[in-house]
1. For the stretch 92-225, what Kirkwood radius comes out of the mean inverse Cα-Cα distance, in Å?
2. Any idea what angle helix 78-98 forms with the longest principal axis of the chain, computed on alpha-carbon atoms, 0 to 90 degrees, nearest 10?
3. On a 0 to 90° scale, report how tilted helix 136-156 is relative to the longest principal axis of the chain, with both axes built from alpha carbons and the result rounded to the nearest 10.
4. Round to the nearest 0.05 the FRET efficiency obtained for Gln229 and Ser48 when R0 = 25 Å and r is the Cβ-Cβ distance.
5. Just to be sure I understand the model, the point goes 7 Å from the Cα along the line to the Cβ. What's the resulting Ser316 to Ala118 distance in nm?
6. Identify all aspartates and glutamates with a Cα-Cα distance to Lys264 below 16 Å; exclude those on the same chain that are fewer than 8 residues away in sequence.
7. Select from Tyr77, Leu140, Tyr175 the residue farthest towards the positive end of the dipole of the stretch 70-178; place +1 on Cβ of Lys and Arg, -1 on Cβ of Asp and Glu, and compute about the Cα centre.
8. Quick check: pseudo-label points 7 Å beyond the Cα along Cα→Cβ at Ala262 and Glu293, how many nm apart are they?
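The values are calculated or read from the model by the stated rules, or taken from the named source; none is laboratory data. Computed from a prediction, not measured in an experiment: that's the story for all the values here. Note that each Cβ is placed from the backbone with ideal geometry, even for glycine, and that neighbours are counted across all protein chains shown. Just so you know, the surface numbers come from the protein's heavy atoms only, side chains and all, with ligands and any DNA or RNA stripped out. Shrake-Rupley method; radii C 1.70, N 1.55, O 1.52, S 1.80 Å.
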Amino acid sequence: MTTLSGKIYVAGHRGMVGSAVCRRLAAAGTCEVLTASREALDLTHQSSVEDFFAEEKPDTVIFAAARVGGVLANDTYPVEFLADNLLMSTFAINAAYASGVKRFLFLGSTCIYPRDCAQPIQENALLSGPLEKTNEAYALAKIAGLKLCQYYRRQHGVMFHSAMPTNLYGPGDNYHPQHSHVLPALLRRFHEAKIAGSPSVTIWGTGTPRREFLFVDDLADALLFLLGQDNPPDWVNLGTGIDLSILELAQLVAKTVGYEGAVKTDPEKPDGTPIKCSDVSLLHRMGWKHKVELTQGLRTTYDHFLSEVESGEIRSV
Ligand SMILES: NC(=O)C1=CN([C@@H]2O[C@H](COP(=O)(O)OP(=O)(O)OC[C@H]3O[C@@H](n4cnc5c(N)ncnc54)[C@H](OP(=O)(O)O)[C@@H]3O)[C@@H](O)[C@H]2O)C=CC1
Ligand SMILES: C[C@H]1O[C@H](OP(=O)(O)OP(=O)(O)OC[C@H]2O[C@@H](n3cnc4c(=O)[nH]c(N)nc43)[C@H](O)[C@@H]2O)[C@@H](O)[C@@H](O)C1=O
């Protein structure tokens, strides 16, 4: 294990993951944290990215910037989910190498794996079958970023590697009614139904797909754990290895929020991939395991959401 030190650039620091990473780095207190807002540095502008890296010369990069969204956003905007994410990761990885970055940790997602691969999903399932159509664009961009890091490591001997997180949730999530992921979407919808006294809440799809959820502060801890590994795998799944159906999630959210009405389904909305649970045996063998279980994480996330409602600052992008 190596203690993190030097200058570390957290790309996407205002996002859910980026802000959790900054909290975790502040707690460690062992390095200088570099950030840049999108206004200061649009990562889809190649010359701006090149100038930034040449000027700042970070030692380490945690790349948590991306165009991110739920199943409907992915299905509706494939051009932006492919193009923006390809540009951002390619420009940053190339500029990092050119400026002498020692360590680059790229964030992919477990949606890079084939729609119908064996469950739980092992890292070697990558490229073994067709992707889930609803987030194919995003997955292709993530696969390209993973591969570019792997090729830089093989061709130039630099420590560029990737993490494949499962579905994430926690403070600072995106609560956009249409573009967000399922957990924040349901937290908000059940909360608003409770306040309005609505007799029922409708969830998207059939409710039968299964998903796994990792609390974002656990993820941040796992990312720093990976950066402390002297010889990490080119990519490794970051998850809990525990999944549940969307209907079961909805019932957990209703209980957390204190909503007692009916739950209905809307099969007109996309289900996305039928099941997505990561095999975390490699991560566990390396010595890391999640700490926050879903019930506890939901409570913490809802409390944070309530504070955002209170302050009128619900993040909705
Ligand atoms: N959320 C999830 O369930 C999962 C997320 N991931 C991955 O984790 C990473 C972070 O995701 P998450 O925190 O949820 O996403 P968020 O949308 O919360 O944060 C994304 C960040 O990227 C920044 N960003 C987007 N486009 C640009 C751009 N053109 N230039 C500069 N900055 C930009 C955003 O800036 P701004 O604040 O200005 O909008 C934001 O800070 C991503 O790589 C994502 O693919 C992987 C698996 C699951
Ligand atoms: C995080 C990861 O995984 C993402 O894919 P996903 O897991 O399919 O995304 P999702 O969270 O939006 O949906 C999960 C499930 O939930 C159901 N569902 C019910 N009701 C709502 C609802 O109200 N909103 C949403 N979004 N989904 C709902 C929805 O029908 C589906 O069955 C990628 O986009 C990509 O971002 C990625 O990397």
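1. 17.3
2. For helix 78-98, the angle is close to 30 degrees.
3. Approximately 20 degrees, to the nearest 10.
4. 0.20
5. Simple spin-label model gives 4.5 nm for this pair.
6. Cross-link targets: Glu192, Glu248.
7. Leu140
8. 3.2
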